[in-house]
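First up is the structure itself, then whatever we jot down about it.
The values are calculated or read from the model by the stated rules, or taken from the named source; none is laboratory data. These numbers come from a predicted model, not from an experiment. All Cβ positions, glycine included, derive from the backbone under ideal geometry; neighbour counts span all protein chains shown.
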Amino acid sequence: MTALRYIDLVLLWLTVPLALALGAPALGLLLGSVVWTVQRGIALAVDRKARTRDNVREAIGLNMATMMVRMWLVVGAVLVAGLGGQREDGAAAAAVLLVVFTISFATRLLTHSLERSAARAGTASHA
């Protein structure tokens with residue numbers, strides 16, 4: 001189950017060399033990929049820290065603040081790629097981020113559903 005949580009990063013970095021070889025705009029592709037990886041690392045670190053909080057409001061506040069920062073990182077990557085390079089670079093960064101976000105979101109929904117199913121099965125057997 002843990003490996004499924006990182007499938008977005010695995011698929012991203014497996015496809016980057018292929019996309020570059022096929023002629024994708026390098027600046028946008030690499031900037032989008034690096035920013036996605038960095039923001040995922042931030043999310044994992046903050047999530048671990050939030051789980052140690054005794055106060056639920058602090059944990060939620062920490063996650064919400066981090067989510068806003070991560071969103072600005074992603075938007076900034078698209079802007080920097082588009083303004084610093086060609087329009088195609090901005091479009092490539094946006095496409096990479098959209099696809100990898102979709103994979104990450106679907107994976108989170110799937111793992112959450114599987115964890116809830118496992119928890120229900122575990123409690124039913126103890127009843």
Would it be correct to say that Thr37 is surrounded by 11 or more Cβ atoms within 10 Å (Cβ to Cβ) and closer than 17 Å to Ala95 by Cβ? yes
May I ask you to verify whether Arg48 is basic (Lys, Arg) and loosely packed, with under 13 Cβ neighbours inside 10 Å? yes
By residue number, the members of segment 1-31 that are exposed (fewer than 15 other Cβ atoms within 10 Å of the Cβ) and of a type in the set (Val, Ile, Thr) are Thr2, Val10
If a residue must be surrounded by 10 or more Cβ atoms within 10 Å (Cβ to Cβ) and either part of a helix (DSSP H, G or I) or within 18 Å of the chain's Cα centre (by Cα) (or both), how many such residues does segment 52-61 contain? 4
Considering only segment 88-112, state which residues are hydroxyl-bearing (Ser, Thr, Tyr) and either surrounded by 15 or more Cβ atoms within 10 Å (Cβ to Cβ) or closer than 11 Å to Leu12 by Cα (or both). Ser104, Thr107, Thr111
Which condition number does Leu79 fail, the rest of (1) surrounded by 15 or more Cβ atoms within 10 Å (Cβ to Cβ); (2) free of Cβ contacts under 8 Å to residues at least 60 places away in the same chain; (3) touching a Gly at 6+ places or on another chain (Cβ under 9 Å) being met? (1)
Would you confirm, using the coordinates I've provided, whether Gly41 is over 30 Å from Ala118 (Cβ atoms) and part of a helix (DSSP H, G or I)? no
I'd like the full set of residues that are aromatic (Phe, Trp, Tyr) and modelled with pLDDT under 95, limited to segment 1-31. Tyr6
With the condition kept exactly as written, say whether any residue in segment 101-121 is of a type in the set (D, E, K, R) and closer than 16 Å to Ala24 by Cβ. no
In segment 6-49, the residues that are closer than 16 Å to Ala65 by Cα and charged (D, E, K, R): Arg40, Asp47, Arg48, Lys49
Go over the candidates Val35, Val78, Val74, Val100 one by one and state the one that is modelled with pLDDT of 95 or more, closer than 21 Å to Leu4 by Cβ and assigned to a helix (DSSP H, G or I). Val100
